[in-house]
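Read through the structure below, which is laid out as structure tokens, and then see the notes.
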């Protein structure tokens, strides 16, 4: 059974009389341990698809199964629990909480999920070592570089041991050196830890690192 | 620009109705409370002065005696006064209108106190002489005569039971010409025949028409002032000679009699009420301060919520000053709406405030009217002069912040991160300097009897404590991290992190709430201490078993005495073993109204228990004062006039000014006017044998005072109405009066706290809107609605806890200034400091719970946030 399976997935945004079809019937599946890159121009629907796969939003029509559960049928609280337990996020603008230290940011998903502070701390230190930001654990996000913030964000995305990591342009806001390091880290995590990654990008270089590339245009796969 | 203002400011204001309405109501309450207190204060003084002017009529000068009026036998020797104009002797006093349903009740009283009665001002004149002074317009005499001649008027009144009342009173009470009106004067209930009705003109306008006219002889009889008149009114032939005549009259008048302008009595009353009213005025300003804090909050929310729009406007070419003007315009719109609503509310609040304060004013000071005066353009100008500029000032900080928004950063939403604060020395030095100055100012004495430095000291404490809030929050942020994380879990960790990062933003809210709470604490401590002191004082000094007083409560300008029938009924009772009668007079001392009291020192020493302040052998000194030219004085008198035991006080007596040695100073909380007490034998020597105004009776051991009281009351005939309190009932009555005196204080405080709570909700909403990206992110990271709600409510409760902590500390400092500086300098009372621990613990719990509740709406808004597509 695939980890993620989308069938005729549609998403339409309504604003007044205007209707915009962001996704016009998308079907695909993702197996555990996959590393899939979504490519396409701005507005093609790849961020919308990521949001649906990450349980941030519900589709207008179609079916989306994550580990056998249909996300389209879940309520707000159930979606929250899916995000808390099964999905990790990496964003283009890092989106670390500025009021928390790097350590607290990484531990946050664990703490929200009810993991004990001691266990959360252990995982934080382990992941910080893995992504190479141990010396920065007591710093606040605004005190570290963009590359370090994104590595911390990756550690946060993994802290609660999700089944799926959703990454939206993870290197889009980084210089080429830091971008390459972050990409190498994702590849390494996928290969060594078997983390399933669904990544959206404009960059062909980034997409080349994935095991599979899905190209999108006007809300559909090409 | 106007179009931009309409689109960018007015439309959102109309859209976000709850926030807009809350702010307008906040400003309105602030304005309304200030204007209402102004009206309330004016009602008592103006009420007295209007009554004074109405009764004084055209009187240029009044000739008055010392405390007990003028001996009638002196009148022939004052015939020379006619050289200057027309004279008219007057007897004046207050009576109570006896309710028809109260007739038939043997005692006419309740244990809790005197029933509420309607005061009627009674004027006794010689109508033949008095016509030039006052305009009496009779409505109808029942004989179909078109014009009432003086002769006819005289015929109406030449009967000791004849009275002319106002048409207004008759209509209100359903009284008719030729009918009967029952008045209670002192302890006597007398029926009068209504012989005429006065139109609503001249003296008839007094106390909203509660006026009765009698012949002077009938009034003397009614008020038990046979052989005495209260004053002689003088209408000058040449009114421009007023000052010269006053100077000329002085030396020619006999000892103990002086000439003054009628307005002087009004000025004396104004002075007497000034301290009470000044404290109310000071308190009323707190509501406005808190209301302005709401304006600050609303404009801040407006700026924060529309930061990106501001960035866009800036990118499109709108200048910084234009953005500033837009947001100041928002504050101005709120201020104008708040001021207009406030003026309307002021009238309602004034009615409520008059109802709350009139009991105090009439119990402790003067017979007051029950309605506030009409609002004037002056009040409107005051409201506008306060509301608009202060609102603009409150909005200046967020409006400036808006004008500095960078176009690009705001459009991307990246410039809202708060800078983490570091504790800098200036954060401690500046507030400590201000608090040090407050301590210094508190040590300075009064200016013209007013505690101005005390008020400045209190203000400095408020400023100093507000300035120290960021440092306190910084310290608490450091200290509480472990606790919050350990005890309140991830929500505690997040709440702590959020608040720590927002110290600059929330410091103003915390300071504003802390100021309101500090006033609550200060007033609670002051009132609690005062109440405890009074309870102790009453417990120590109120020793007699029964206290007998006249049916009508005496006030300034209205003496009420006990008749011989009532006195005999008390003294004759077989279980009464000792009686101490006492007599009070209003006396002018140093231009102020004080109380001159007379009592039997020997009975007071053997049976009573005055608490003495000085000297150490005060009881012996008091005993030595019996029959001598010596007095004991109350502590407020000693403090106000700088007198100590051994000093001399000069008092005007019917025999001229006399000096009396101060034998002792005693604690007294019954009157802030100051009391001078002499032994009855000394008093009688100077003031004659005047009927007492009250009696303290001691009964045999083991006898039930309630039974004696009932028996005495049952023995009185229909024509006498006395109020007899048992010891226990009097103590209850004292505390009832005390509590009603401070009811207005609590009411004002409650308004300020409610407005402050609205402010906390507003602040939290600001924080929520400001952090909407982070909150959305939190939801994406897995936080459910319950967790986000809990986090915001913990933040709210923490704001409440810190505010209460700062408020408690600030409040205790303020209470010291209130107790040891402002009260002593305003009223002359020594209050023993007492901490109402239970109240403070309860209020702390309530405040923290209330602020947590105030966080519910922002918390719900926060929990609904979810990252939108473009973020």
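Considering only residues of segment A:139-171 that are more than 14 Å from chain B (Cβ to nearest Cβ) and touching a residue at least 60 places away in the same chain (Cβ under 8 Å), which is nearest to residue A:125 (Cα to Cα)?
Only one residue fits best here, namely A:150.
Return a yes/no flag: does segment B:821-843 have any residue that is more than 14 Å from every other protein chain (Cβ to nearest Cβ) and under 25 Å from residue B:299 (Cβ atoms).
There is no residue in segment B:821-843 that is more than 14 Å from every other protein chain (Cβ to nearest Cβ) and under 25 Å from residue B:299 (Cβ atoms).
Go through (1) within 14 Å of another protein chain (Cβ to nearest Cβ); (2) surrounded by fewer than 22 Cβ atoms within 10 Å (Cβ to Cβ); (3) at pLDDT 85 or above for residue B:491 and report which single condition fails.
With respect to (1) within 14 Å of another protein chain (Cβ to nearest Cβ); (2) surrounded by fewer than 22 Cβ atoms within 10 Å (Cβ to Cβ); (3) at pLDDT 85 or above, residue B:491 is out only on (2).
Go through segment A:58-112 residue by residue and tally those that are under 18 Å from the mean Cα position of the chain (by Cα) and buried (at least 19 other Cβ atoms within 10 Å of the Cβ).
26
Take the residues in segment A:113-125 that are more than 10 Å from chain B (Cβ to nearest Cβ) and surrounded by fewer than 23 Cβ atoms within 10 Å (Cβ to Cβ); name whichever of them is farthest from residue A:138 (Cα to Cα).
Checking each candidate, the answer is A:116.
Which helices (runs of 4 or more DSSP H) sit wholly inside segment B:706-818 and have at least 2 residues that are more than 14 Å from chain A (Cβ to nearest Cβ) and modelled with pLDDT of 85 or more?
B:727-741, B:785-817
Of B:625, B:609, B:620, which residue is buried (at least 21 other Cβ atoms within 10 Å of the Cβ) and under 20 Å from residue B:580 (Cα atoms)?
Selected residue: B:625, the only one of B:625, B:609, B:620 that is buried (at least 21 other Cβ atoms within 10 Å of the Cβ) and under 20 Å from residue B:580 (Cα atoms).
Quick check on residue A:80: is it within 10 Å of chain B (Cβ to nearest Cβ), closer than 17 Å to residue A:157 by Cβ, free of Cβ contacts under 8 Å to residues at least 40 places away in the same chain and part of a helix (DSSP H, G or I)?
Yes; evaluated as a whole, the condition is true for this residue.
Take residue B:518 and decide whether it is at pLDDT 80 or above and either out of contact with any strand residue (DSSP E or B) (no Cβ under 7 Å at 6 or more places or on another chain) or away from every other protein chain (no Cβ under 14 Å) (or both).
yes
Rundown of residues vs (1) modelled with pLDDT under 85; (2) surrounded by fewer than 23 Cβ atoms within 10 Å (Cβ to Cβ); (3) outside any helix (DSSP H, G or I), yes/no style:
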residue	(1), (2), (3)
B:414	yes, yes, yes
B:421	yes, yes, yes
B:433	no, yes, no
B:439	no, yes, no
B:457	no, no, no
B:469	no, no, no
B:479	no, yes, no
B:513	yes, no, no
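Tell me, which residue of segment A:83-105 that is facing another protein chain (nearest Cβ under 8 Å) and assigned to a helix (DSSP H, G or I) is farthest from residue B:782 (Cα to Cα)?
A:104
Which members of segment B:303-344 meet the condition of being part of a loop (DSSP other than H, G, I, E, B) and buried (at least 17 other Cβ atoms within 10 Å of the Cβ)?
Those that are part of a loop (DSSP other than H, G, I, E, B) and buried (at least 17 other Cβ atoms within 10 Å of the Cβ): B:306, B:318.
What number of residues within segment B:814-836 satisfy the criterion of being surrounded by fewer than 22 Cβ atoms within 10 Å (Cβ to Cβ) and more than 18 Å from residue B:642 (Cβ to Cβ)?
Residues meeting the conditions: 6.
Could you give every pair whose Cβ atoms fall below 7 Å, whose first residue belongs to segment A:1-29 and is within 14 Å of chain B (Cβ to nearest Cβ), and whose second residue is surrounded by 14 or more Cβ atoms within 10 Å (Cβ to Cβ) and at pLDDT below 85, counting only separations of at least 6 or pairs across chains?
Going by the 7 Å Cβ cut-off, there are no qualifying pairs.
Within segment B:190-223, take every residue that is outside any strand (DSSP E or B) and farther than 18 Å from residue B:125 by Cβ and give me the one that is modelled with the lowest pLDDT.
Restricting to residues being outside any strand (DSSP E or B) and farther than 18 Å from residue B:125 by Cβ, the top hit is B:208.
When residues of segment A:107-124 are filtered for being under 24 Å from residue B:767 (Cβ atoms) and out of contact with any strand residue (DSSP E or B) (no Cβ under 8 Å at 6 or more places or on another chain), how many remain?
Number of matching residues: 4.
The values are calculated or read from the model by the stated rules, or taken from the named source; none is laboratory data. If you're wondering where the values come from, they're calculated on a predicted model, not measured in any experiment. Neighbour counts are summed over all protein chains in view; Cβ atoms, including those assigned to glycine, are modelled from backbone coordinates with ideal geometry.
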